[in-house]
Amino acid sequence: MIDKKVFSESYAVILALGEYFINRLPSDVFELIKSKSDSVYIPKIDQDKPLNEQGLLKDTMVMIAMLRLEYWCNTEGEKAKFLAHLEANEEKLKETLRKTASTRELLRLIGKE
């Protein structure tokens, strides 16, 4: 089950992106994200910072990537480019993990320490 904070952060990101991106989502998807959001946790999104610098949950980043892939890419070429970017990031992570010498360093990399 997805944590309510993921829905809250995703909702905040979508609102920060504005009407153009909201309107590209099916209304039922947007309403689901909105309705599943935590009513107490209301994250602030700084539009001047990249998402990866906002301290968002990893699952939030996954949800935003999925929304981008499914609804916000304009062409199949754009989708393919985005997927290639995601795959390249995954390969970089795998390479970093292969080179990790200690458990402490591994925990630091995955954000558990």
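Within the stretch 16-28, residues that are over 21 Å from Q54 (Cβ atoms) sit with their Cβ atoms under 8 Å from residues that are part of a helix (DSSP H, G or I), at 6+ positions apart or across chains, in these pairs: R24/Y71; R24/W72; P26/Y71.
Each residue in the stretch 16-55 was checked for being of a type in the set (S, T, N, Q), modelled with pLDDT under 95 and under 19 Å from M66 (Cβ atoms), and 2 pass. Being hydroxyl-bearing (S, T, Y) and under 14 Å from the mean Cα position of the chain (by Cα) is a property that S39 lacks. Of everything in the stretch 46-86 that is surrounded by fewer than 10 Cβ atoms within 10 Å (Cβ to Cβ) and among the acidic types (D, E), the residue that is nearest to I14 (Cα to Cα) is D48.
Listed by position, the helices (runs of 4 or more DSSP H) inside the stretch 1-45 whose residues that are loosely packed, with under 13 Cβ neighbours inside 10 Å number at least 2 are 19-24, 27-36. The set of residues in the stretch 47-98 being assigned to a loop (DSSP other than H, G, I, E, B), closer than 17 Å to K5 by Cα and touching a residue at least 12 places away in the same chain (Cβ under 8 Å) consists of L56, L57.
The values are calculated or read from the model by the stated rules, or taken from the named source; none is laboratory data. In this text, all values refer to a predicted model and were calculated from it rather than measured experimentally. Note that each Cβ is placed from the backbone with ideal geometry, even for glycine, and that neighbours are counted across all protein chains shown.
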